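Engineer: This is the structure I want to talk about, given as C-alpha cells.
Just so it is clear, none of the values below were taken in a lab; they were calculated from the coordinates. It should be emphasised that the depicted structure is a prediction, and the values quoted were computed from it without experimental measurement. No Cβ is skipped: glycine too gets one built from the backbone with ideal geometry, and neighbour counts run over all protein chains shown.
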Amino acid sequence: MTRPKIFIQTNGRQWLGALVSAYSLKRRSANPDAFDVEIMHVRDFPFLAEKEGQAFLRGGVSRMWRMDDLQSFTPLRFMPPQLMNHQGRAVVIDPDIFAVGDINELLNRDMQGAAVMGRRRSHKEEKATQIATSVMLLDCERLAHWHPEQEFAELFRFERDYKDWIVLEHEDRQNIGVLEDEWNDFDRLTAGTKLLHNTKRKTQPWKTGLPVDYTPADKLKKYPVLHKLNQWRAGLLGEYALLGKYQPHPDPRQEQYFFDLLKECLDSGVISESVVQNEMARNHVRHDALELVAQASVATA
C-alpha cells in the first residue's frame, strides 16, 4: 500500500512559510508517522522557468508569466498524482497554510466516489462550481488524466485559461467532492479550523511592512481599463511599483499562531536562525521576525 503524502508547493519568496507549514502538519497530528511531507519547489520543475516572460491566458486576457511572482508555484498543485505514480492518496496545499487540526482526518476520510476534493472557492451562486485548489485531497490512481506540464503549455497557446484551470472547471463534475470550509479556512481561525490559510496576500503575517512583491489580481473581464492601467504601471515603472506594503493581519491571533510555530521550529532545530536571517535579508520575511519569535509564547500542546 502506497504511503500517503502531503505536498506543499512553494517558490523562494514563500520558502519559510513552506517550512513552517511542513512542521505544523506533523506537530498537530496524533500520528505524524502515518504520512510523509514533501515540499515542491518551482526550481525543481524546469517547465515553469522555460516560460519566463511569455504571455499566457488568464481571465480572458494576456498576462506575463513571472517566476519571481509570489504565486508562481500554483501550477504545481496538479503534480502530486504524477509524483505518486498514480497510486494512493495525497493532499496538496499552498505554503501559506498551517495545520491546526490533524491532517490524518483528511487523508482517511471517505471520499464518497470523488477523485479530488476541495472546498468551494466562494459561496456565491454564480461561482458554485469553482473549487479552491489551494487544498486538495487526491485519489491519485483516478487522476491519471491530469497532465500538468502539457496543460501549463496550453495556457501559452491560449488554448486553456488559467482562471478556469485553477478552479477545476475542466474537471468532470462527477469526479469532484466538496470539503468543509474548515479544511481550508480563509484567514479565519476558529475552534473548528483544521487548516488555516493566510490567503489574503497583502496581510500574510510574516511579511508585514515589506514592499508588495506580487502581481495584483485585477478584474480583467469586468474592468478592462484597470487591466490596461496595471500593464502601463508595470511596464513604465516596474512590476511591483506603486503597490505599497504588506499590511498587518486583521486578526492578531493568526500572526501569533505563525510566530509560535516558527519559535518551535527554531527551538527544535527544524529551522535555523540563519535561514530566517537570510530570508529577512532577501525581503521574503519581515525584518522584525526574530523579535516576534522572542516574544512568542510556546504553541498550545
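Engineer: What's the exposure ranking of Thr203, Thr190, going from fewest to most Cβ atoms within 10 Å?
Structural biologist: Ranked by crowding around the Cβ, least crowded first: Thr190, Thr203.
Engineer: Answer rounded, prolate or oblate for the chain, using the Cα gyration tensor with square roots of eigenvalues a ≥ b ≥ c: rounded when a/c is under 1.5, else prolate when a/b is larger than b/c, else oblate.
Structural biologist: It comes out oblate by the Cα gyration axes.
Engineer: Could you tell me which of the pairs Lys163/Lys194; Lys5/Lys200; Lys51/Lys207; Lys51/Lys124 are separated by over 31 angstrom between their Cα atoms in the structure shown?
Structural biologist: The answer is Lys51/Lys124.
Engineer: Further question: Please arrange Glu151, Glu291, Glu264 by counting, for each residue, the other beta carbons lying within 10 Å of its beta carbon, fewest first.
Structural biologist: So the ranking, lowest neighbour count to highest, is Glu291, Glu151, Glu264.
Engineer: Can you give the % of DSSP beta bridges in the chain that are antiparallel, to the nearest 5?
Structural biologist: About 50 percent, rounded to the nearest 5.
Engineer: At 7 Å along the Cα-to-beta-carbon direction for both His147 and Gln295, put a label point, then send me their distance in nm to one decimal.
Structural biologist: Inter-label distance under the simple model: 5.3 nm.
Engineer: Rounded, prolate or oblate, given the Cα gyration tensor of region 69-159, with a/c below 1.5 counting as rounded?
Structural biologist: Rounded.
Engineer: Could I ask something else about it? Along region 162-171, what does the Karplus equation 6.51 cos²θ - 1.76 cosθ + 1.60 (θ = phi - 60°) give for ³J(HN,Hα), rounded to whole Hz, x for Gly and Pro?
Structural biologist: Per residue, the Karplus-derived 3J(HN,Hα) values read 3, 5, 7, 4, 6, 10, 6, 5, 8, 8 Hz.
Engineer: Scan around Val100 for amide H atoms under 5 Å from its own, H built in the peptide plane at 1.01 Å from N, and keep only partners 5 or more places away or cross-chain.
Structural biologist: Leu195, Leu196
Engineer: Using packing as a proxy for protection, rank 153-166, 90-103 so that the peptide with the highest average count of other Cβ atoms within 10 Å comes first.
Structural biologist: 90-103, 153-166
Engineer: Along region 83-99, what does the Karplus equation 6.51 cos²θ - 1.76 cosθ + 1.60 (θ = phi - 60°) give for ³J(HN,Hα), rounded to whole Hz, x for Gly and Pro?
Structural biologist: 3J(HN,Hα) across region 83-99, in whole Hz: 5, 8, 6, 6, 9, x, 10, 9, 10, 10, 9, 6, x, 9, 10, 10, 5.
Engineer: Related question: Which whole-number percentage describes the relative contact order of the chain, with Cα contacts under 8 Å and a sequence gap of 6 or more?
Structural biologist: 18
Engineer: Sticking with this one: Starting with the fewest neighbours, write out Ser268, Ser62 ranked by other beta-carbon atoms found within 10 Å of each beta-carbon.
Structural biologist: Final ranking by Cβ density, sparse to dense: Ser268, Ser62.
Engineer: Which whole-Hz couplings ³J(HN,Hα) result when phi for each residue of region 70-77 is put into the Karplus expression 6.51 cos²θ - 1.76 cosθ + 1.60, θ = phi - 60°, listed in order with x for Gly and Pro?
Structural biologist: Result, rounded to whole Hz: 4, 10, 5, 7, 4, x, 6, 4.
Engineer: Shifting gears a bit: Which far-off residues, 5 or more places away or on another chain, put their amide H under 5 Å from the one on Ile39, with H placed in the peptide plane?
Structural biologist: Amide H neighbours of Ile39: Ile8.
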